[in-house]
Amino acid sequence: MNVIFISPHFPPNFQNFVRRLNGAGATVLGLSDVHWENLGEEVQNNLTEYYRVGDMHNYDDVVRAVGYFTHRYGKIDRIDSLNEYWLETEARVRTDFNIFGYRNDDIARIKRKSEMKRVFQSIGIKCAPGALFESEKQALAFIEKVGWPVVAKPDIGVGAAKTYKLEKKEDLKFFMEDKLDCDYFMESFVSEPIVTYDGLTDREGNIVFSASHRYSQGIMEVVNADSDVFYYGVREIEPALEKVGRDIVEAFNVKERFFHFEFFMSKKGEITALEVNMRPPGGLTVDMFNYANDFDCYRAWADLITRGETTQKGKRPYFVIYVGRKDSLPYKRSHDTVLGEFASLIVHHSRLSDVFSRAIGNYGYILRHEKLDPLLAAAGSIQERVNRV
(Lines give C-alpha, C1' and ligand atoms only; values in the text may rest on other atoms or scores of the structure.)
Protein backbone atom coordinates (compact mmCIF):
# COMPACT_ATOMS: atom_id res chain seq x y z
CA MET A 1 0.00 0.00 0.00
CA ASN A 2 1.34 3.42 -1.00
CA VAL A 3 0.65 6.19 1.50
CA ILE A 4 1.75 9.81 1.16
CA PHE A 5 2.13 11.48 4.54
CA ILE A 6 2.19 15.27 4.37
CA SER A 7 4.34 17.05 6.96
CA PRO A 8 5.49 13.80 8.57
CA HIS A 9 7.55 15.61 11.21
CA PHE A 10 4.83 17.80 12.75
CA PRO A 11 3.47 17.79 15.34
CA PRO A 12 6.15 15.66 17.01
CA ASN A 13 3.80 13.06 18.50
CA PHE A 14 2.27 12.45 15.06
CA GLN A 15 5.60 10.97 14.00
CA ASN A 16 4.19 7.87 15.69
CA PHE A 17 1.68 7.55 12.84
CA VAL A 18 4.54 7.42 10.35
CA ARG A 19 6.36 4.81 12.46
CA ARG A 20 3.26 2.64 12.79
CA LEU A 21 2.48 2.87 9.07
CA ASN A 22 5.98 1.68 8.27
CA GLY A 23 5.68 -1.08 10.86
CA ALA A 24 2.41 -2.20 9.25
CA GLY A 25 4.19 -2.71 5.94
CA ALA A 26 3.04 0.37 4.05
CA THR A 27 5.23 2.21 1.57
CA VAL A 28 5.39 5.53 3.44
CA LEU A 29 6.15 8.53 1.22
CA GLY A 30 6.90 11.79 2.99
CA LEU A 31 5.99 15.14 1.45
CA SER A 32 6.85 18.55 2.89
CA ASP A 33 8.90 21.70 2.31
CA VAL A 34 11.28 20.93 5.19
CA HIS A 35 14.86 19.90 4.45
CA TRP A 36 15.64 16.21 4.97
CA GLU A 37 18.09 16.84 7.79
CA ASN A 38 15.41 18.74 9.73
CA LEU A 39 12.95 15.84 9.77
CA GLY A 40 14.74 14.02 12.57
CA GLU A 41 15.92 10.42 12.71
CA GLU A 42 12.54 9.01 13.82
CA VAL A 43 10.89 10.22 10.62
CA GLN A 44 13.86 9.52 8.37
CA ASN A 45 14.08 5.90 9.54
CA ASN A 46 10.39 5.24 8.83
CA LEU A 47 9.98 6.78 5.38
CA THR A 48 10.41 4.77 2.20
CA GLU A 49 11.23 7.99 0.35
CA TYR A 50 10.93 11.72 0.94
CA TYR A 51 10.11 14.47 -1.55
CA ARG A 52 10.79 18.06 -0.56
CA VAL A 53 8.93 20.80 -2.41
CA GLY A 54 9.89 24.46 -2.38
CA ASP A 55 6.51 25.52 -0.99
CA MET A 56 3.66 23.29 0.15
CA HIS A 57 1.27 26.14 -0.67
CA ASN A 58 2.21 25.89 -4.36
CA TYR A 59 -0.16 23.23 -5.61
CA ASP A 60 1.79 22.70 -8.84
CA ASP A 61 4.78 21.64 -6.71
CA VAL A 62 2.56 19.23 -4.78
CA VAL A 63 1.17 17.73 -8.00
CA ARG A 64 4.67 17.15 -9.33
CA ALA A 65 5.60 15.38 -6.11
CA VAL A 66 2.53 13.12 -6.22
CA GLY A 67 3.18 12.47 -9.92
CA TYR A 68 6.73 11.45 -9.14
CA PHE A 69 5.60 9.06 -6.41
CA THR A 70 2.96 7.59 -8.71
CA HIS A 71 5.50 7.01 -11.50
CA ARG A 72 7.94 5.38 -9.08
CA TYR A 73 5.60 3.31 -6.87
CA GLY A 74 2.32 3.00 -8.74
CA LYS A 75 -1.13 4.20 -7.70
CA ILE A 76 -1.27 6.18 -4.47
CA ASP A 77 -3.74 4.54 -2.08
CA ARG A 78 -3.93 7.21 0.63
CA ILE A 79 -2.75 10.75 1.32
CA ASP A 80 -3.09 12.40 4.74
CA SER A 81 -1.43 14.56 7.37
CA LEU A 82 -4.08 14.18 10.11
CA ASN A 83 -3.72 17.96 10.37
CA GLU A 84 -6.48 20.54 9.90
CA TYR A 85 -4.15 22.87 8.01
CA TRP A 86 -3.72 20.55 5.02
CA LEU A 87 -7.30 19.28 4.66
CA GLU A 88 -7.96 21.27 1.50
CA THR A 89 -4.67 20.30 -0.12
CA GLU A 90 -5.31 16.63 0.64
CA ALA A 91 -8.84 16.82 -0.78
CA ARG A 92 -7.57 18.44 -3.94
CA VAL A 93 -4.94 15.72 -4.44
CA ARG A 94 -7.50 12.98 -3.75
CA THR A 95 -9.80 14.51 -6.36
CA ASP A 96 -7.09 14.86 -9.01
CA PHE A 97 -5.54 11.43 -8.42
CA ASN A 98 -8.72 9.46 -7.55
CA ILE A 99 -7.64 8.59 -4.00
CA PHE A 100 -9.93 7.32 -1.23
CA GLY A 101 -11.18 9.91 1.28
CA TYR A 102 -12.67 13.39 1.46
CA ARG A 103 -12.49 15.27 -1.85
CA ASN A 104 -13.13 18.79 -3.10
CA ASP A 105 -16.91 18.46 -2.92
CA ASP A 106 -16.68 17.58 0.80
CA ILE A 107 -14.46 20.40 1.98
CA ALA A 108 -17.01 23.20 2.51
CA ARG A 109 -19.13 21.25 4.96
CA ILE A 110 -16.18 19.96 7.01
CA LYS A 111 -14.29 23.28 7.09
CA ARG A 112 -16.90 26.06 7.12
CA LYS A 113 -18.82 26.56 10.36
CA SER A 114 -21.78 27.93 8.42
CA GLU A 115 -22.00 24.71 6.39
CA MET A 116 -21.56 22.50 9.45
CA LYS A 117 -24.58 24.18 11.00
CA ARG A 118 -26.67 23.39 7.93
CA VAL A 119 -25.80 19.70 8.30
CA PHE A 120 -26.67 19.77 12.02
CA GLN A 121 -30.04 21.33 11.22
CA SER A 122 -30.73 18.85 8.41
CA ILE A 123 -30.49 15.90 10.82
CA GLY A 124 -32.41 17.60 13.63
CA ILE A 125 -29.50 18.35 15.99
CA LYS A 126 -29.85 21.50 18.06
CA CYS A 127 -27.33 24.28 17.41
CA ALA A 128 -27.09 27.96 18.30
CA PRO A 129 -28.58 30.45 15.80
CA GLY A 130 -25.88 31.77 13.50
CA ALA A 131 -25.24 33.62 10.25
CA LEU A 132 -22.49 34.85 7.97
CA PHE A 133 -22.05 38.62 7.86
CA GLU A 134 -19.82 41.19 6.19
CA SER A 135 -20.74 44.56 7.66
CA GLU A 136 -21.46 46.07 11.06
CA LYS A 137 -25.00 46.73 9.86
CA GLN A 138 -25.53 43.04 9.06
CA ALA A 139 -24.05 42.05 12.41
CA LEU A 140 -26.39 44.39 14.29
CA ALA A 141 -29.38 43.04 12.37
CA PHE A 142 -28.48 39.52 13.51
CA ILE A 143 -27.92 40.65 17.11
CA GLU A 144 -31.33 42.35 17.13
CA LYS A 145 -32.85 38.93 16.47
CA VAL A 146 -30.86 36.87 19.00
CA GLY A 147 -29.65 39.43 21.55
CA TRP A 148 -26.28 40.03 23.20
CA PRO A 149 -23.80 38.43 23.77
CA VAL A 150 -22.69 36.81 20.53
CA VAL A 151 -19.54 35.14 19.28
CA ALA A 152 -17.84 36.14 16.03
CA LYS A 153 -15.38 33.67 14.53
CA PRO A 154 -13.70 32.98 11.17
CA ASP A 155 -15.96 30.75 9.10
CA ILE A 156 -12.85 28.66 8.52
CA GLY A 157 -10.66 28.67 11.60
CA VAL A 158 -8.95 26.51 14.22
CA GLY A 159 -8.18 26.89 17.90
CA ALA A 160 -10.29 29.98 18.62
CA ALA A 161 -7.81 32.23 16.80
CA LYS A 162 -9.28 35.71 16.22
CA THR A 163 -12.57 34.66 17.86
CA TYR A 164 -14.44 37.34 19.78
CA LYS A 165 -17.13 37.43 22.42
CA LEU A 166 -19.18 40.59 21.82
CA GLU A 167 -21.33 41.95 24.64
CA LYS A 168 -22.05 45.53 23.50
CA LYS A 169 -21.76 47.87 20.52
CA GLU A 170 -18.29 49.03 21.54
CA ASP A 171 -17.09 45.42 21.33
CA LEU A 172 -18.57 45.13 17.85
CA LYS A 173 -16.81 48.29 16.67
CA PHE A 174 -13.46 47.03 18.00
CA PHE A 175 -14.03 43.65 16.34
CA MET A 176 -14.76 45.22 12.94
CA GLU A 177 -11.42 47.05 13.12
CA ASP A 178 -9.38 44.16 14.53
CA LYS A 179 -10.75 41.09 12.71
CA LEU A 180 -9.04 39.11 10.00
CA ASP A 181 -9.81 39.78 6.36
CA CYS A 182 -11.88 36.65 5.83
CA ASP A 183 -15.46 35.38 6.01
CA TYR A 184 -16.83 35.66 9.55
CA PHE A 185 -19.63 33.73 11.18
CA MET A 186 -21.67 35.02 14.12
CA GLU A 187 -23.75 32.97 16.53
CA SER A 188 -25.49 33.30 19.87
CA PHE A 189 -23.16 32.90 22.84
CA VAL A 190 -23.84 29.71 24.80
CA SER A 191 -22.62 29.69 28.40
CA GLU A 192 -22.75 25.92 28.92
CA PRO A 193 -19.54 23.86 29.28
CA ILE A 194 -17.91 22.41 26.16
CA VAL A 195 -17.72 18.64 25.78
CA THR A 196 -16.30 16.60 22.95
CA TYR A 197 -17.05 13.39 21.16
CA ASP A 198 -13.87 12.02 19.62
CA GLY A 199 -12.85 8.80 17.98
CA LEU A 200 -11.78 6.82 14.94
CA THR A 201 -13.81 5.10 12.23
CA ASP A 202 -12.97 2.21 9.94
CA ARG A 203 -13.26 2.08 6.16
CA GLU A 204 -17.03 1.45 6.36
CA GLY A 205 -17.67 4.29 8.82
CA ASN A 206 -18.00 2.08 11.91
CA ILE A 207 -16.64 3.65 15.10
CA VAL A 208 -13.60 1.69 16.31
CA PHE A 209 -13.27 3.62 19.56
CA SER A 210 -14.71 6.78 21.05
CA ALA A 211 -13.87 9.25 23.82
CA SER A 212 -15.29 12.40 25.40
CA HIS A 213 -13.45 15.25 27.10
CA ARG A 214 -14.49 18.00 29.53
CA TYR A 215 -12.74 21.38 29.80
CA SER A 216 -12.01 23.59 32.77
CA GLN A 217 -12.96 26.56 30.57
CA GLY A 218 -13.55 27.31 26.91
CA ILE A 219 -10.55 27.57 24.58
CA MET A 220 -11.84 30.96 23.38
CA GLU A 221 -11.63 32.25 26.95
CA VAL A 222 -8.16 30.72 27.40
CA VAL A 223 -6.84 32.32 24.22
CA ASN A 224 -8.40 35.74 24.76
CA ALA A 225 -7.39 35.95 28.45
CA ASP A 226 -4.04 34.19 27.90
CA SER A 227 -4.97 31.83 30.74
CA ASP A 228 -4.40 28.10 31.22
CA VAL A 229 -6.61 25.06 30.79
CA PHE A 230 -7.00 21.45 31.85
CA TYR A 231 -9.31 18.87 30.35
CA TYR A 232 -10.06 15.25 31.08
CA GLY A 233 -11.51 12.20 29.41
CA VAL A 234 -14.49 10.50 31.00
CA ARG A 235 -14.81 6.74 31.41
CA GLU A 236 -18.53 6.62 30.57
CA ILE A 237 -20.02 8.67 27.73
CA GLU A 238 -23.61 9.84 28.24
CA PRO A 239 -25.97 7.89 25.92
CA ALA A 240 -27.46 11.11 24.51
CA LEU A 241 -23.99 12.41 23.59
CA GLU A 242 -23.02 9.06 22.12
CA LYS A 243 -26.15 9.07 19.93
CA VAL A 244 -25.64 12.61 18.67
CA GLY A 245 -21.99 11.87 17.96
CA ARG A 246 -22.84 8.74 16.01
CA ASP A 247 -25.52 10.60 14.04
CA ILE A 248 -22.94 13.21 13.04
CA VAL A 249 -20.41 10.54 12.03
CA GLU A 250 -23.04 9.14 9.68
CA ALA A 251 -24.20 12.54 8.39
CA PHE A 252 -20.66 13.64 7.53
CA ASN A 253 -19.76 10.25 6.06
CA VAL A 254 -16.70 9.87 8.30
CA LYS A 255 -14.76 6.89 6.98
CA GLU A 256 -11.29 5.70 7.98
CA ARG A 257 -10.71 8.94 9.87
CA PHE A 258 -10.25 10.39 13.30
CA PHE A 259 -12.93 12.87 14.30
CA HIS A 260 -13.21 15.58 16.97
CA PHE A 261 -16.72 17.00 17.54
CA GLU A 262 -17.49 19.83 19.97
CA PHE A 263 -20.75 20.46 21.82
CA PHE A 264 -22.21 22.49 24.63
CA MET A 265 -23.89 20.33 27.27
CA SER A 266 -26.09 21.70 30.04
CA LYS A 267 -26.33 20.29 33.55
CA LYS A 268 -29.60 18.71 32.47
CA GLY A 269 -27.79 16.90 29.67
CA GLU A 270 -29.17 19.05 26.82
CA ILE A 271 -26.74 19.01 23.90
CA THR A 272 -26.07 21.84 21.46
CA ALA A 273 -23.74 21.15 18.52
CA LEU A 274 -20.83 23.56 18.05
CA GLU A 275 -18.55 22.26 15.29
CA VAL A 276 -16.87 19.25 13.73
CA ASN A 277 -13.21 18.61 13.01
CA MET A 278 -12.23 15.74 10.74
CA ARG A 279 -8.89 15.08 12.37
CA PRO A 280 -7.50 13.90 15.70
CA PRO A 281 -7.87 16.34 18.60
CA GLY A 282 -4.89 18.65 19.02
CA GLY A 283 -2.02 18.77 21.47
CA LEU A 284 -1.38 15.55 23.38
CA THR A 285 -4.95 14.26 23.21
CA VAL A 286 -4.06 11.29 20.99
CA ASP A 287 -1.61 10.19 23.68
CA MET A 288 -4.41 10.61 26.23
CA PHE A 289 -6.41 8.07 24.22
CA ASN A 290 -3.58 5.60 24.68
CA TYR A 291 -3.20 6.16 28.42
CA ALA A 292 -6.97 5.99 29.00
CA ASN A 293 -7.29 2.69 27.19
CA ASP A 294 -3.91 0.97 27.60
CA PHE A 295 -3.74 0.57 23.84
CA ASP A 296 -2.03 2.13 20.82
CA CYS A 297 -4.32 4.27 18.67
CA TYR A 298 -1.41 5.13 16.37
CA ARG A 299 -1.27 1.43 15.54
CA ALA A 300 -5.06 1.24 15.31
CA TRP A 301 -5.05 3.91 12.60
CA ALA A 302 -2.21 2.24 10.70
CA ASP A 303 -4.01 -1.12 10.94
CA LEU A 304 -7.18 0.39 9.49
CA ILE A 305 -5.25 1.99 6.64
CA THR A 306 -3.30 -1.12 5.70
CA ARG A 307 -5.62 -4.00 6.68
CA GLY A 308 -9.06 -2.47 7.10
CA GLU A 309 -9.36 -3.70 10.69
CA THR A 310 -7.59 -3.53 14.05
CA THR A 311 -7.43 -5.50 17.26
CA GLN A 312 -6.93 -2.31 19.32
CA LYS A 313 -10.07 -1.73 21.41
CA GLY A 314 -10.92 1.12 23.75
CA LYS A 315 -12.49 0.16 27.09
CA ARG A 316 -11.47 3.31 29.05
CA PRO A 317 -10.24 1.72 32.33
CA TYR A 318 -8.79 5.09 33.43
CA PHE A 319 -9.68 8.73 33.73
CA VAL A 320 -6.95 10.74 32.03
CA ILE A 321 -6.36 14.48 32.41
CA TYR A 322 -4.24 16.99 30.53
CA VAL A 323 -2.92 19.94 32.53
CA GLY A 324 -1.32 22.81 30.64
CA ARG A 325 0.98 25.53 31.96
CA LYS A 326 2.19 28.72 30.30
CA ASP A 327 5.67 30.16 30.66
CA SER A 328 4.17 33.60 31.26
CA LEU A 329 2.13 32.63 34.34
CA PRO A 330 3.54 32.56 37.93
CA TYR A 331 2.89 29.06 39.24
CA LYS A 332 3.36 28.20 42.89
CA ARG A 333 5.02 24.84 42.19
CA SER A 334 8.14 24.45 40.07
CA HIS A 335 8.26 21.82 37.33
CA ASP A 336 10.50 19.61 39.48
CA THR A 337 8.12 19.96 42.42
CA VAL A 338 5.21 18.91 40.21
CA LEU A 339 7.09 15.84 39.00
CA GLY A 340 7.92 14.86 42.56
CA GLU A 341 4.57 15.56 44.19
CA PHE A 342 2.48 13.84 41.52
CA ALA A 343 4.90 11.12 40.43
CA SER A 344 2.31 8.39 41.05
CA LEU A 345 -0.17 10.05 38.67
CA ILE A 346 1.95 11.54 35.88
CA VAL A 347 2.35 9.24 32.88
CA HIS A 348 3.73 11.77 30.40
CA HIS A 349 4.98 15.33 30.30
CA SER A 350 6.59 17.40 27.55
CA ARG A 351 7.11 20.86 26.13
CA LEU A 352 4.68 21.76 23.35
CA SER A 353 5.16 23.51 20.04
CA ASP A 354 4.64 27.27 20.18
CA VAL A 355 1.83 26.77 17.65
CA PHE A 356 -0.32 25.30 20.44
CA SER A 357 0.89 27.41 23.36
CA ARG A 358 -1.77 30.12 23.26
CA ALA A 359 -4.57 27.57 23.53
CA ILE A 360 -3.20 24.75 25.69
CA GLY A 361 0.09 25.99 27.15
CA ASN A 362 3.83 25.78 26.66
CA TYR A 363 4.13 22.63 28.75
CA GLY A 364 1.73 19.77 29.26
CA TYR A 365 1.29 17.01 31.84
CA ILE A 366 -0.83 13.89 31.37
CA LEU A 367 -2.04 12.16 34.55
CA ARG A 368 -4.25 9.12 35.01
CA HIS A 369 -6.14 7.28 37.74
CA GLU A 370 -9.15 5.01 38.09
CA LYS A 371 -10.97 7.86 39.88
CA LEU A 372 -11.47 11.44 38.75
CA ASP A 373 -11.19 13.35 42.04
CA PRO A 374 -7.43 12.81 42.54
CA LEU A 375 -6.82 14.10 39.03
CA LEU A 376 -8.91 17.23 39.50
CA ALA A 377 -7.13 17.95 42.78
CA ALA A 378 -3.75 17.49 41.11
CA ALA A 379 -4.74 19.77 38.22
CA GLY A 380 -5.70 22.51 40.66
CA SER A 381 -2.35 22.20 42.43
CA ILE A 382 -0.29 22.11 39.24
CA GLN A 383 -1.98 25.28 37.96
CA GLU A 384 -2.07 27.02 41.36
CA ARG A 385 -0.46 30.44 41.04
CA VAL A 386 1.61 32.59 43.33
CA ASN A 387 -0.51 35.21 45.06
CA ARG A 388 0.68 38.65 44.10
CA VAL A 389 -0.48 41.65 46.12
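Averaged over every viewing direction, what's the projected area of the C-alpha convex hull for the chain? Give it in nm², one decimal, please. Walk me through the numbers on the way to the answer.
Details: hull surface 82.5 nm².
Taking the Cα atoms of the chain, their convex hull projects to 20.6 nm² on average.
Keeping every protein chain present and rolling a 1.4 Å probe, give me the accessible area per residue for region 1-92 in Å². If you can, show how the numbers build up before the last one.
Details: 3970 Å² over 92 residues.
Accessible area per residue: 43 Å².
Size of region 113-207 along its principal axes in angstrom, Cα-based, largest extent first?
The principal-axis extents, from largest down, are 49, 25, 24 Å.
On a 1.4 Å probe surface of the protein chains, which of K117, K173 comes out largest in accessible area, and what is the full order?
Numbers: K117 15, K173 110 Å².
The most accessible residue leads, giving K173, K117.
Any idea what diffusion coefficient region 10-69 gets from Stokes-Einstein, in µm²/s, Kirkwood Rh on alpha carbon pairs, 4 °C, 1.567 mPa s?
Numbers: Rh = 12.0 Å.
The estimated diffusion coefficient comes to 108 µm²/s.
Heavy atoms only, probe 1.4 Å: what % of the accessible area of region 197-325 goes to carbon and sulfur, would you let me know?
On the way: 2040 of 4620 Å².
Carbon and sulfur: 44 percent of the exposed surface of region 197-325.
Leaving out ligands, DNA and RNA, what percent of the accessible area of region 37-170 is carbon and sulfur, probe 1.4 Å? Please report the intermediate quantities before stating the final value.
Details: 3210 of 7020 Å².
The nonpolar share, carbon plus sulfur, comes to 46 percent.
In the chain, what % of DSSP beta bridges are antiparallel (nearest 5)?
80
Using the structure shown, list the pairs from K268/K332; K117/K371; K137/K162; K243/K267 with a Cα-Cα distance above 27 Å, or answer none.
Checking Cα-Cα distances, K268/K332; K117/K371 exceed 27 Å.
At q = 0.11, 0.13, 0.18 Å⁻¹, work out log10 I(q)/I(0) for region 237-389 with the Debye formula, treating every Cα as an identical point scatterer and leaving solvent out; two decimals please.
-0.55, -0.76, -1.27
Under the Kirkwood approximation for Rh and a Cα-based Rg, what ratio Rg/Rh is obtained for region 157-196? Please report the intermediate quantities before stating the final value.
Details: Rg = 11.6 Å, Rh = 11.8 Å.
We get a ratio of 0.98 for region 157-196.
Could you pull out the longest piece of the chain with no exposed loop GluC sites (Glu not before Pro) in it, calling a site exposed if DSSP puts it outside H, G, I, E, B and it has at most 16 other Cβ atoms within 10 Å?
Details: sites that count: E134, E167, E204, E236, E270, E309, E370, E384.
Result for the longest clean stretch: 1-133.
Give me the tail of P(r) for region 1-114 as a percent: Cα-Cα pairs with distance above 24 Å. Could the numbers behind the result be given before it?
Working: 1261 of 6441 pairs.
Cα-Cα pairs of region 1-114 separated by over 24 Å account for 20 percent.
The values are calculated or read from the model by the stated rules, or taken from the named source; none is laboratory data. Worth saying up front: this structure is predicted, and the values here are computed from it rather than measured. Please note: Cβ atoms are built from the backbone with ideal geometry, for glycine as well, and neighbour counts cover all protein chains shown. For the accessible areas, the whole protein counts, side chains as well, though only heavy atoms, and no ligand, DNA or RNA atoms are used. Shrake-Rupley method; radii C 1.70, N 1.55, O 1.52, S 1.80 Å.
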